[in-house]
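Student: Below: one structure in structure tokens.
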Amino acid sequence: MQRKKAVVDAAIARADDERGLLLVLTGNGKGKSSSAFGMMARSLGSGMTVAVAQFIKGRRDTGEEVFFRDLPGVAWHVLGEGFTWETQNRSRDVETAKCGWAVAQSLLADPAIDLVILDELTYLLRYDYLKAEAVLADIAARPPLQHVVVTGRGAPEALIELADTVTEMRDIKHAFRAGVKAQKGIDL
Ligand code: ATP
Ligand code: MG
């Protein structure tokens, strides 16, 4: 234990960089958005400012939105119109995505925002609603101390490469497959 502590202490002493991080939470398992909102709670607790941009969700009654949106230091943007298989209109989806990204660009250009959460952004890249290269350039050009969290399944390789911290949620079991509908407080 003593040897282990010396190794860990040395690693902590070496890690003295401070800069805005890009975190990606991807994979098919549950926990991507809720992890992002956990970091949001941490940030707000530390007196930081947080902006959330939700790209797919059209609904406005999730527990996280009700809880966070009126707190000081929070900006909350619902930029989606629901899932694409419900709308079935590609040109409209592309238009929605572009308008949404314009909002995200303003967040990524604002050094007063400490943490930007781009919830479910990966789908817009995966379905080519947005040009990945342009989106990554905007993220890379953000203020140097601003943190960004991107969530969503199927994160493209280029996004993973650009990111500092990447976690893949692996689906082992989900209650939905046993016929349980989305539960308040757990799923929404
Ligand atoms: P959460 O918001 O709970 O952290 P998530 O962001 O990882 O979930 P999404 O793909 O955004 O997952 O899906 C959101 C909703 O779908 C949540 O209600 C979540 O419980 C549910 N969900 C997530 N993963 C699965 C899965 N593997 N099977 C069925 N439903 C899932
Ligand atoms: Mg999610």
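The values are calculated or read from the model by the stated rules, or taken from the named source; none is laboratory data. All figures in this text were calculated on a predicted structure; none of them were measured in a lab. Neighbour counts run over all protein chains shown; Cβ positions are idealised from the backbone, glycine included.
Student: Report the residue count in region 135-186 for those that are in contact with a Leu (Cβ under 9 Å, 6 or more places away or on another chain), of a type outside the set (Gly, Ala, Ser) and within 16 Å of ligand 2 (Cβ to nearest atom).
Tutor: Adding up the residues that qualify gives 9.
Student: Which one is farthest from ligand 1 (Cβ to nearest atom), of the residues in region 135-154 that are closer than 23 Å to residue 28 by Cβ and small (Gly, Ala, Ser)?
Tutor: Restricting to residues being closer than 23 Å to residue 28 by Cβ and small (Gly, Ala, Ser), the top hit is 154.
Student: Of the residues 95, 161, which is closer than 16 Å to residue 54 by Cα and without any contact (Cβ under 8 Å) to a residue 24 or more places away in the chain? Step through it out loud before you land on a result.
Tutor: Working: 161 fails: closer than 16 Å to residue 54 by Cα.
Being closer than 16 Å to residue 54 by Cα and without any contact (Cβ under 8 Å) to a residue 24 or more places away in the chain holds for just one of 95, 161, which is 95.
Student: Oh, and also: Only residues that are in a loop (DSSP other than H, G, I, E, B), among the charged types (D, E, K, R), at pLDDT 95 or above and out of contact with any strand residue (DSSP E or B) (no Cβ under 7 Å at 6 or more places or on another chain): list them for region 64-83, please. First the steps, then the outcome.
Tutor: First, the residues of region 64-83 that are in a loop (DSSP other than H, G, I, E, B): 69-73, 79-83.
Next, only the ones that are among the charged types (D, E, K, R) stay: 69-70, 81.
Retained after the next criterion (residues that are at pLDDT 95 or above): 69-70.
Within region 64-83, just 70 meets the criteria.
Student: Can you tell me which residues in region 9-43 are outside any helix (DSSP H, G or I), charged (D, E, K, R) and more than 14 Å from ligand 2 (Cβ to nearest atom)?
Tutor: Pass one, region 9-43, residues outside any helix (DSSP H, G or I): 15-31.
Among the residues that remain, those that are also charged (D, E, K, R) are: 16-19, 30.
Once the filter is applied, which keeps residues that are outside any helix (DSSP H, G or I), charged (D, E, K, R) and more than 14 Å from ligand 2 (Cβ to nearest atom), region 9-43 yields 16, 17, 18, 19.
Student: Any idea how many residues of region 1-30 are small (Gly, Ala, Ser) and surrounded by 14 or more Cβ atoms within 10 Å (Cβ to Cβ)? Before you say what the answer is, go through the steps one by one.
Tutor: Taking region 1-30 and keeping what is small (Gly, Ala, Ser), we get 6, 10-11, 13, 15, 20, 27, 29.
Cutting the leftovers down to surrounded by 14 or more Cβ atoms within 10 Å (Cβ to Cβ) gives us 20, 27, 29.
Qualifying residue count, region 1-30: 3.
Student: Let me ask something else. Cβ contacts < 7 Å: first residue of a type outside the set (A, V, I, L, M, F, W, C), restricted to region 22-40; second residue in a helix (DSSP H, G or I) and more than 8 Å from ligand 1 (Cβ to nearest atom), any location; separation 6+ or different chain. Result?
Tutor: 26/122
Student: Given the structure, is residue 46 out of contact with any Asp or Glu (no Cβ under 7 Å at 6 or more places or on another chain) and not aliphatic (A, V, I, L, M)?
Tutor: Details: out of contact with any Asp or Glu (no Cβ under 7 Å at 6 or more places or on another chain): yes; not aliphatic (A, V, I, L, M): yes.
When the stated conditions are applied, residue 46 passes them.
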